[in-house]
Amino acid sequence: MAQEVSPESYKDLVLFLATAGIVAPIFKRLKINPILGYLLAGVILGPFGLGRFIPYAPWLDYFTVDNPDEIAQLAEFGVVFLLFMIGLELSWERLRLMRRWVFGLGAVQVIGCSLALGAGGMLLGLEPVVALTIGAALTLSSTAIAVPVLAERRRLHSEAGRATFSVLLFQDLAVAPILITLAILGRGNGSFQLQDLLALAPAALGLAVIVLVGRLALRPMLKSVAKAKSEEMFMAACLLVIIGAGMVAALSGLSMALGAFVAGVLLAETEYRHEVEVKIEPFKGLLLSLFFVSLGIRLDLSLLAAQPAAILGTALGLLVLKTAVVFGSGLLMGLNRRAAIEAALILAAGGEFAFVLLDNAMSAQVVPPAIGQAVLVSATLTMFLIPGLAALGGYLGRKNAPLPVSEAPPSTANEPDRLGPEPAGQVLVIGYGRVGRLVGDMLGRHDLPWIAVEREARLVEQGRRDGARIYYGDASRLELLERCGLATARAVVVTMDAFEVAEAVVVAARGARPDVPIVVRARDARHAARLYELGATDAVPETIEASLQLSEAVLVDIGVPMGLVIASIHERRDEYRKKLNRPDALGGRRRRLRDATLR
């Protein structure tokens, strides 16, 4: 017997989907950052928004979220998926090159901001332990908001963007030691014992397990799933990697987001990187939207109304102190002034981990609940300002000076895995069978960079063994082409023998890049004519090319001079191309020309 459906059970889900489907598109149309739309929607739909007026208008209950705690728990996966996607854009080599920023600038920022904010709290009359705890919580900035904002403004791979991300990464690493410190303070005597140091051992062990298992098992697992050629199984494997790595990290005392980030870095070195990105992007976008809604839901407007001066003053002090400390730290570590001020403004606001730390601090009775809740409201208000602060920082840093030569990252022309998108100016080779390999070899002989995309796992593995920059995936999807650098590609060569898929690739590539040359392998003259209609720059029919090569061989063998043979072959090829690419594509004359060519 089917279970009776209760509409109330799905009300929160429907409200969120309505927010994602209605509010966000409206904000995008108005050219306002959708993050603000989600935050405002959360404020309105939460118990401190419309929920306040339910006693006076009971019908508002239909437009109010009933279980904010359940939504917040699910919304945490938004940050997990975000960090995983960031990890996919990195490699171990890039992390090694960033170590100075991560462990240098990141450490200086965390320590400096914690001390500055703690000193500010003590000046306001808080006890030293309370002030330093709040300072440590407010030191952590919002990865979930800052990174998408930087990506949207195309500043993620600028000098300021790299510095910002390095600091955010160190902050994630610092969460576990801060939580252990809070546990020590919660005991009351503040003494440090051996077991406190040993408490870090599970975290180190958890990271080691993720790295070891990832190195040994990720590629074979995804290879096995790819051979099954099942979209559903591949997606399930991707979700298993993310959630599994996150759970191992969480059981070790680290954040799930950090575990997912490490898994992303491990996957970034495999040929499945771009296909995984395409599969996970919808989940990341939806869950991250839910995260922003949950932040808005937790904003208690009654506290703001009761203590406006204290809360607004705390928010302003947080922005000023963190901006000053990060700006100074950036200059100290070698950032130029424009990059330093841009990074400082983006990192100035509070972050999502402030909720985790202050909740733990209030549970351990280190921070009084009244003070902790007021500080959380202040931190949430500053998070609303991140898009505006990023815009101001981008304006101040738009003339950002280039990195000094000694700090500039090395050339990535021949690296299959690196930070950021594919390098500009590469040729995309779609299909890596016999024809695709030959095309790639000829491009290499002319020192032209290229990337191959192949949906047959066996060919991808073979290409990787041969040193080719090749990725697994279905290139008929525009999302995958964009991940492989279609926006800046010099040309697209489609070599697949699955001709229906080849047509889909031509349509997708031509729709996104009207200017890019697209050269396609065709079955015969009729198929070539169809490809020209779809937007191919050149279509090369197998039957015609075989005939021309046979003609060339026999003419040379019977003594016709090579120069005359080559000239005649080129002339005949041009005649075929003109016949197949006439503008009257759908007219009877075009069809007669095709029929004549086929005969």
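The values are calculated or read from the model by the stated rules, or taken from the named source; none is laboratory data. What you see is a predicted model, and the numbers here were worked out from it, not measured in a lab. Neighbour counts run over all protein chains shown; Cβ positions are idealised from the backbone, glycine included.
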Given the options LEU443, LEU438, LEU428, LEU486, name the one that is at pLDDT below 90 and within 23 Å of GLU533 (Cα to Cα). LEU486
Evaluate segment 339-349: report whether one residue or more is surrounded by fewer than 24 Cβ atoms within 10 Å (Cβ to Cβ) and at pLDDT 85 or above. yes
Options SER294, SER289: the member that is within 15 Å of the chain's Cα centre (by Cα), in contact (Cβ under 8 Å) with a residue 40 or more places away in the chain and under 30 Å from ILE35 (Cβ atoms): SER289
Give the residue, chosen from GLY51, GLY78, that is at pLDDT 75 or above and closer than 20 Å to ASP300 by Cα. GLY51
Near pairs, Cβ below 8 angstrom, 6+ apart or cross-chain, from segment 514-536 (in a loop (DSSP other than H, G, I, E, B)) to any residue that is crowded, with 21+ Cβ neighbours inside 10 Å and not hydrophobic (A, V, I, L, M, F, W, C): ARG523/PRO541; ASP524/PRO541
If you go through segment 114-172 one residue at a time, how many are charged (D, E, K, R) and at pLDDT 90 or above? 0
Can you tell me which residue among GLY246, GLY253 is in a helix (DSSP H, G or I) and within 21 Å of ALA72 (Cβ to Cβ)? GLY246
Identify the residue in segment 358-371 that is crowded, with 24+ Cβ neighbours inside 10 Å and part of a helix (DSSP H, G or I) and, among all such residues, is modelled with the lowest pLDDT. ALA361
Checking the conditions here, which among LEU304, LEU212, LEU251, LEU312 is farther than 22 Å from MET85 by Cβ and free of Cβ contacts under 8 Å to residues at least 24 places away in the same chain? LEU212
